[in-house]
Amino acid sequence: QKEVEQDPGPLSVPEGAIVSLNCTYSNSAFQYFMWYRQYSRKGPELLMYTYSSGNKEDGRFTAQVDKSSKYISLFIRDSQPSDSATYLCAMSEPYSSASKIIFGSGTRLSIRP
Amino acid sequence: NAGVTQTPKFRVLKTGQSMTLLCAQDMNHEYMYWYRQDPGMGLRLIHYSVGEGTTAKGEVPDGYNVSRLKKQNFLLGLESAAPSQTSVYFCASSYSRLADQETQYFGPGTRLLVL
């Protein structure tokens, strides 16, 4: 079993829809959770990060962590065609080296105009 | 600032050939990383460096070597390429060692096809 599981998609939704992207994990020691956005033929870029449990909002994006279920989500409101990309979740234990970050395999998202 | 750059962008190799991928960063970061990205596998760490002159193995180091002779450059070498090394390779750098202190900045990637 992989430490981090992510549905690869592709996920196709109409413009303006609310998008929900999810990851599950098995290591209960993970406390730092990240979402990266990767446009086609580009490198990943950090979109949001959260610590431990709870929600974090940044504009149209909301990151949510449910540690009891070992489940994290990224919600995109009022989705735009420019949101079309692959979204990678990533996570690590507290105070761990960046070399220990575990990445999900990514979900490919397409927003239809 | 160019950030993290990678050379070449795309390369085709025959089995057994060798090549070097170059990563350069202009952010004065101490830490640099090489990942490979394969469908369904996510990003996997090959090797990393915690400073000039240092290297360390990551999750999937076999078949690769690295060198960090200058702080701004991190080279990834394939001595004898195999089809299993067909992948997209990403270099990243960060200021801090800790995952939750500083983000990693990724380069645009090198697509490698080994025939």
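Taking loop as defined by DSSP and a crowding limit of 15 other beta carbons within 10 Å, which trypsin sites (Lys or Arg not before Pro) in region A:71-113 fit?
Loop-located and lightly packed - A:Arg77.
When we measure straight from the Cα of B:Lys71, which lysines land under 24 angstrom away, once same-chain ones fewer than 8 places off are left out?
Reachable lysines: A:Lys42, A:Lys100, B:Lys9, B:Lys57.
What average count of beta carbons from other chains do you get within 10 Å of the Cβ of residues in A:101-113?
3
Based on alpha-carbon centroids, what's the gap between region B:9-32 and region B:38-94 in Å, whole number please?
One Cα centre to the other: 8 Å.
Gap in Å between the Cα centre of region A:64-106 and the Cα centre of region A:22-42?
Each part's Cα centre sits 3 Å from the other's.
Could you tell me whether region A:32-113 comes out rounded, prolate or oblate from its Cα gyration tensor? Rule is a ≥ b ≥ c as square roots of the eigenvalues, rounded for a/c under 1.5, then prolate if a/b exceeds b/c, otherwise oblate.
Cα axes put region A:32-113 in the oblate bin.
Sequence gap at least 6, Cα distance under 8 Å: using those rules, report the relative contact order of region B:1-88 to the nearest whole percent.
Relative contact order here is 31 percent.
Convert 37 °C to kelvin, take the viscosity as 0.692 mPa s, use the Kirkwood radius over C-alpha pairs of region B:28-94 as Rh, and evaluate the Stokes-Einstein diffusion coefficient in µm²/s, rounded to a whole number.
Rounded to a whole number, D works out at 271 µm²/s.
Could you work out the relative contact order of chain A? I mean the mean sequence separation of Cα pairs under 8 Å and 6+ apart, divided by the number of residues, in percent.
Relative contact order comes out at 37 percent.
I'd like the trypsin sites (Lys or Arg not before Pro) in region B:59-115 restricted to DSSP loop residues with at most 12 other Cβ atoms within 10 Å, sorted by number.
Of the trypsin sites (Lys or Arg not before Pro), the ones in loops of region B:59-115 whose Cβ has at most 12 other Cβ atoms within 10 Å are B:Lys70.
Quote to one decimal, in nm, the extra length available between B:Thr86 and B:Thr5 on full extension: 0.36 nm per residue of separation minus the C-alpha distance between them.
27.2 nm
So which trypsin sites (Lys or Arg not before Pro) in region B:1-51 end up in coil per DSSP with only 14 or fewer other C-beta atoms within 10 Å?
Hits after loop and neighbour filter: B:Lys9, B:Lys14.
Anyone know which of B:Glu79, B:Glu30, B:Glu59 comes out most mobile in the 10 Å Cα GNM of chain B?
B:Glu59
Less than 14 Å Cβ to Cβ from A:Pro94, Lys/Arg counted +1 and Asp/Glu -1: what total charge do the surrounding residues give?
Once all neighbours under 14 Å are counted, the net charge is +1.
Give the range of the longest stretch in chain A that excludes all GluC sites (Glu not before Pro) found in loop regions by DSSP and having at most 16 other beta-carbon atoms within 10 Å.
A:16-113
Taking every DSSP beta bridge with both residues inside region A:4-112, roughly what % is antiparallel (nearest 5)?
90
Of all beta bridges DSSP finds with both residues in the protein assembly as shown, what is the antiparallel percent, to the nearest 5?
Around 90 percent of the beta bridges assigned by DSSP in the protein assembly as shown are antiparallel ones.
If the cut-off is a Cα-Cα distance under 16 Å, which lysines reach A:Lys56, setting aside same-chain residues fewer than 8 apart in sequence?
Correct list for A:Lys56: A:Lys67.
Where a number appears in this text, it was derived from the coordinates with a stated rule and is not lab data. Only a predicted model underlies this, so the values are computations on that prediction, with no experimental measurement involved. Methodologically, a virtual Cβ is constructed for each residue, glycine included, from the backbone with ideal geometry; neighbour enumeration extends over all protein chains shown.
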